[in-house]
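Shown next, in structure tokens, is the structure this report addresses.
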Amino acid sequence: MEKRIRFGNNAEVLLAMIILARSTSFIMTKMVIQSIGIFNLLSLRFMLAFVILLPFGWNKLKLISKNTILHGMVLGLTFVSVMTAEITALKTTDVSTVALLENTAIVFVPLIEAIIQHRGIKKHVVFSVLLTFTGVVLITFEGAGLHFSLGEGLGLLAALLYGAAIILTARFSRKEDPLALGVVQVGFMGVFSTLSAFAFETPRFPQSVFEVQIIIALAIVCSVFGFTLQPLAQSKTSAERAGMFCALSPASAVVLSFIFLGEELSLLRMMGILIILAGLMSSHMLERIRVTRLKRVNAFR
């Protein structure tokens with residue numbers, strides 16, 4: 001039991017690192033999206049990532065089951081849908097707003113889970129979600145009113161799809177080899193993006209050193225590390241807990257926007273980041289307290 005607990009904690013550290021790595025995609029994508037098509041960008045990013053992953057995952061891929069292929073295809077399609085909505089929103093909406101809206105998945109995940117499982121939402125989950133969401137609001141709403149437009153609508157659509165992706169990943173990663181599932185998922189993301197690029201755009205290779213650098217960074221940091229290892233990290237934690245970690249993404253986006261885009265990092269936004277971290281820690285601590293109390297009650301029976 002102790003080994004499982006320690007591994008679970010390590011898995012959550014890995015999940016946090018994955019979310020932080022993938023949060024850099026908001027900034028990098030914003031830098032190039034006006035000069036290259038959405039599906040073209042996704043195609044180059046994920047096909048390159050799959051080529052990089054192939055030598056490392058070849059032995060696992062030779063032994064994968066039909067279910068792993070099917071589940072990887074479903075996850076690949078879901079995540080491509082998430083990123084299509086996200087990048088389209090980034091074309092007309094600022095990074096912090098898209099980061100906020102997409103990561104309202106922290107609210108959708110426990111709600112969707114409760115509906116699917118026909119049960120109420122745990123009190124400590126409600127408290128942690130509200131605390132975390134308050135932090136997200138602080139770092140993204142300051143200085144600009146949020147008006148509902150196509151960009152904001154696409155951000156909310158990305159959140160719903162991302163919530164579904166988190167839940168599906170949690171389900172599938174417990175049934176399949178999570179690393180093999182991650183590689184197959186990235187491969188299908190490349191396939192679906194490439195087909196969409198040929199169907200809706202005029203595909204082209206990068207035409208500047210800057211575009212090449214951004215695509216390589218997106219492929220390695222956000223795809224090879226981010227998407228491939230997420231099933232492994234989620235295989236040892238709950239979907240609700242994974243959803244809470246989504247709040248790290250807008251917090252990181254604010255810091256990166258300050259560094260690379262010159263956006264303001266005010267005291268209020270810094271407070272928001274601290275509240276987000278408090279929300280994440282409170283979820284873990286309150287869950288441990290709940291489990292400890294249940295054990296004590298059962299011990300007296």
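Some notes on this structure:
- T92 being open to solvent by less than 50 Å² (accessible area, probe 1.4 Å) and polar (S, T, N, Q): no
- Residues of segment 216-227 that are open to solvent by less than 10 Å² (accessible area, probe 1.4 Å) and within 11 Å of M31 (Cβ to Cβ): L218 alone.
- Taking the listed residues L256, L267, L248, L232, the one that is among the aliphatic types (A, V, I, L, M) and without any contact (Cβ under 8 Å) to a residue 40 or more places away in the chain is L267, with no other qualifying.
- The listed residue being of a type in the set (G, A, S) and open to solvent by 30 Å² or more (accessible area, probe 1.4 Å), out of S257, S196, S249, S208: S208
- Considering the conditions (1) in contact with a Phe, Trp or Tyr (Cβ under 9 Å, 6 or more places away or on another chain); (2) part of a helix (DSSP H, G or I), P203 is excluded by exactly one of them, (2).
- Every condition in (1) within 30 Å of I273 (Cα to Cα); (2) buried (at least 24 other Cβ atoms within 10 Å of the Cβ); (3) over 19 Å from the mean Cα position of the chain (by Cα) holds for F79 except the one numbered (3).
- Of residues in segment 267-296 being farther than 25 Å from S238 by Cβ and at pLDDT 75 or above, the one surrounded by the fewest Cβ atoms within 10 Å (Cβ to Cβ): L267
- Cβ-Cβ distances below 8 Å connect no pair with a first residue in segment 119-140 that is closer than 30 Å to E264 by Cβ, a second residue that is modelled with pLDDT of 75 or more and charged (D, E, K, R), and a separation of six or more residues or different chains.
- Selection from segment 46-71 of residues that are loosely packed, with under 13 Cβ neighbours inside 10 Å and polar (S, T, N, Q): N59, S65, N67
- Those residues of segment 30-42 which are open to solvent by less than 10 Å² (accessible area, probe 1.4 Å) and farther than 15 Å from V212 by Cβ, in sequence order: I33, L42
- Lone unmet requirement of (1) closer than 14 Å to F192 by Cα; (2) over 17 Å from the mean Cα position of the chain (by Cα) for T93: (1)
The values are calculated or read from the model by the stated rules, or taken from the named source; none is laboratory data. Everything numeric here is computed off the predicted structure, so don't read it as measured data. Every residue, glycine as well, gets a Cβ built from its backbone with ideal geometry; the counts of neighbours run over all protein chains shown. To get the accessible areas, we keep the full protein, side chains included, count just its heavy atoms, and leave off ligands, DNA and RNA. Shrake-Rupley method; radii C 1.70, N 1.55, O 1.52, S 1.80 Å.
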